[in-house]
Amino acid sequence: MLHAFLTYINEQKLFEPSEKVLLTVSGGKDSVAMLDLFCEANRNDGRFRFSVAHCNFQLRGKDSDDDQIFVENLCKENKVVFHTKTFETKTYAKKNKVSIEMAARTLRYEWFESIRQELNCDYIATAHHLNDSIETVLLNLTKGTGISGLKGISAKKGHIIRPMLFASRREIDDYVTKKNLSWKEDSSNASNDYQRNLIRNEVVPLLKKINPNFDETFARNLERFHSLEADFRKNFNQFKTMVMREENGIYFLKIANVKHWQSANYYLEELLKEFGFNYFQSKKIFNSLDRLSGKMFYSEHFTLLKDREELVISPPSSSEQTKSIIISLEESNKEITFDYFDNIIKFTVLNIEEIDTNFERNNTILFADFDKITFPITLRKWQEGDWFIPLGMNGKKKISDFLVDRKISLNLKKRIFLLTSQDATIWIINHRADNRFKLTDATKKVLKVEVV
C-alpha cells in the first residue's frame with residue numbers, strides 16, 4: 001500500500017517532500033492508516049515533514065478524552081509532534097443554530113487553518129478515502145447537484161490535501177489488519193442519525209447487491225466525472241467572459257449572448273449560484289429573458305433586474321442606503337473624506353492656480369466654483385422632483401428624465417446620489433455636473449470632489 005500511497009501523492013502533485021504537512025488524526029482507522037503511511041515513508045528515506053493535529057469535540061464523554069490520549073500516545077511512539085484542542089461543540093451549535101455535524105466541521109477546519117498558519121505548514125491532510133468520495137456523490141445526487149457535485153471529494157483544494165483517496169475502505173481495513181495497528185472506533189459511525197452514515201450503512205449495501213464490485217465501478221465513474229467537470233469548467237469560464245462584465249461592483253449579463261450559448265439555462269444557473277440565486281430562481285430568470293423588462297429577483301445579498309438588453313445584478317443592501325451627510329468646507333486647501341455608499345468620497349479645496357483649467361472632462365470627478373456654493377452642502381440620494389441644469393446647457397432638466405435618457409436601470413437608479421447646495425444640485429455623482437457651478441475666468445477657488 002505504501003507504493004500506491006506515494007504514487008498517488010506524486011500523480012496528484014499533492015505536495016513536495018520539502019513542504020510541511022499537518023495531519024488531521026482523529027484516532028479512527030482511516031487517519032491511523034494515514035499517519036502510519038507517513039511514518040513508513042519517513043522510515044524508508046525520511047522524505048516527509050509533518051506533525052499531527054487532533055480535535056476533541058466533547059461529544060462522547062470519556063470516549064472523546066480516550067481518543068485524544070490514544071492519538072497523543074501514538075504520536076509519542078512514532079516521535080511525531082502532537083497538537084490538540086478541546087471544543088464546546090454543543091454550545092457552539094446551539095449559539096449558531098447549526099447541526100452538531102456542521103458545528104464540528106466548522107470548528108475543525110477553522111482551527112486546522114489557524115494552526116497551519118501558526119506552524120507555517122504548507123498543507124492540511126485529511127484521511128478521506130474512496131468510499132467517502134462515493135458517499136459524497138450519492139448524497140449530492142440525493143439532495144440535488146450540478147456537475148461539480150458529481151466529482152466527489154477533490155484530492156487537493158487550496159491548503160487541503162487528501163492523500164488517502166486512492167484507497168477503498170476495504171483496502172484500509174486490510175492494511176491496518178496486516179500491520180496490526182491499533183485504532184479507536186467512533187460509536188457515532190454506527191448511528192443513522194447522520195445523513196452520511198445512512199448512505200454508508202443502508203444505501204451502499206443495497207447497491208452492492210446489484211453490483212458486488214460497486215466500489216471499483218464507482219471509482220471509474222469518478223474519473224469520468226472529473227474529466228467532465230474539467231471540460232465544463234473550461235466552457236463555463238468562456239461563458240462568463242462572453243456574457244458578463246463588471247463596473248464598480250455592478251454586474252451586467254448580456255441577454256443576447258446568454259441566449260446564444262448552447263445549454264444556456266444550465267450555464268446561467270451555475271453563474272447565478274455565485275450571487276446566491278437558487279435553481280428555481282435561475283429557471284424563472286432564464287424564462288424571463290424573452291419577456292418585458294422590469295422584473296426583479298432577490299437573493300440574500302443581491303438584486304437582479306431583467307432590463308431591456310441585460311440582466312443587472314447589484315448588492316441590495318447598499319442600494320437601500322438613505323442617510324444624508326452634511327459637509328462644511330470653508331477653509332482653503334482643506335481636504336476631507338467620507339465613507340458613503342460603499343465608496344470613499346474625497347473633498348478638496350484648491351486655488352485655481354493649482355489645477356490645469358484645460359483638464360479633460362470626466363464625470364467621475366467634479367470641479368466646481370467654490371465661491372458659488374453655499375455651505376454646508378449635502379450628500380444624499382436623489383428624489384422625484386429633483387432637477388438640475390446639465391453642464392453646457394441653460395435649461396432645467398428633471399433628474400428622473402436624465403436617468404431615463406441615460407438608460408439607467410430601475411435597481412441602479414437607487415444608487416444615484418446628489419451633491420446639493422441649498423437644494424440646488426451641484427453634481428449627480430459619477431454622471432453629470434450642474435452648469436451653475438462651473439469654472440469660469442472669474443473662478444479663484446475650486447472645490448474638487450472625487451470618488452476613490
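Observations, loosely collected:
- Within region 407-425, being surrounded by 13 or more Cβ atoms within 10 Å (Cβ to Cβ), in a loop (DSSP other than H, G, I, E, B) and among the basic types (Lys, Arg) holds for 414, 415.
- Scanning region 376-398 for residues that are closer than 16 Å to residue 421 by Cα and either in contact with a Pro (Cβ under 6 Å, 6 or more places away or on another chain) or not in a loop (DSSP other than H, G, I, E, B) (or both) turns up 377, 378, 379, 380, 381, 387, 388, 390.
- Filtered residues of region 17-35 (kept if surrounded by 21 or more Cβ atoms within 10 Å (Cβ to Cβ), part of a loop (DSSP other than H, G, I, E, B) and in contact with a Lys or Arg (Cβ under 9 Å, 6 or more places away or on another chain)): 26, 27
- Here region 427-452 is the region considered, the condition is being surrounded by 23 or more Cβ atoms within 10 Å (Cβ to Cβ) and within 22 Å of residue 405 (Cβ to Cβ), and the residue that is nearest to the chain's Cα centre (by Cα) is 429.
- Selection within region 39-91 - under 20 Å from residue 122 (Cα atoms) and surrounded by fewer than 14 Cβ atoms within 10 Å (Cβ to Cβ): 46, 47, 81
- All conditions but one from (1) within 30 Å of residue 309 (Cβ to Cβ); (2) modelled with pLDDT of 90 or more; (3) crowded, with 16+ Cβ neighbours inside 10 Å; (4) of a type outside the set (A, V, I, L, M) apply to residue 401; the one that does not is (3).
- Residues (surrounded by fewer than 19 Cβ atoms within 10 Å (Cβ to Cβ) and free of Cβ contacts under 8 Å to residues at least 60 places away in the same chain) located in region 149-163: 149, 154, 157, 158, 159
- Only a single criterion out of (1) buried (at least 17 other Cβ atoms within 10 Å of the Cβ); (2) β-branched (Val, Ile, Thr); (3) free of Cβ contacts under 8 Å to residues at least 60 places away in the same chain is not satisfied by residue 374, namely (1).
- In region 102-145, the residues that are among the β-branched types (Val, Ile, Thr), more than 18 Å from residue 160 (Cα to Cα) and buried (at least 20 other Cβ atoms within 10 Å of the Cβ): 134, 137
- Residue 75 vs. criteria touching a strand residue (DSSP E or B) at 6+ places or on another chain (Cβ under 6 Å) and either in a helix (DSSP H, G or I) or of a type in the set (Ser, Thr, Tyr) (or both): yes
- For residue 279: the one exception among (1) in contact (Cβ under 8 Å) with a residue 40 or more places away in the chain; (2) in contact with a strand residue (DSSP E or B) (Cβ under 9 Å, 6 or more places away or on another chain): (2)
- Helices (runs of 4 or more DSSP H) wholly inside region 97-201 containing at least 3 residues that are closer than 28 Å to residue 13 by Cα: 100-119, 130-143, 169-179
- Among the residues of region 36-72, those that are under 20 Å from residue 104 (Cα atoms), assigned to a strand (DSSP E or B) and out of contact with any Gly (no Cβ under 9 Å at 6 or more places or on another chain) comprise 52, 53, 55, 56.
- Selection over region 380-417 of residues that are under 20 Å from residue 338 (Cα atoms) and in contact (Cβ under 8 Å) with a residue 40 or more places away in the chain gives a count of 6.
- Extreme residue, surrounded by the most Cβ atoms within 10 Å (Cβ to Cβ), among residues of region 308-322 that are outside any helix (DSSP H, G or I) and modelled with pLDDT under 60: 321
- Residue list for region 218-232, filter: out of contact with any Lys or Arg (no Cβ under 8 Å at 6 or more places or on another chain) and closer than 10 Å to residue 134 by Cβ: 218, 219, 221
- Residue list for region 346-386, filter: more than 18 Å from residue 430 (Cβ to Cβ) and either at pLDDT 95 or above or among the charged types (D, E, K, R) (or both): 353, 354, 356, 369, 371, 372, 384
The values are calculated or read from the model by the stated rules, or taken from the named source; none is laboratory data. Being a predicted model, the structure only gives us computed values, none of them experimental. No Cβ is skipped: glycine too gets one built from the backbone with ideal geometry, and neighbour counts run over all protein chains shown.
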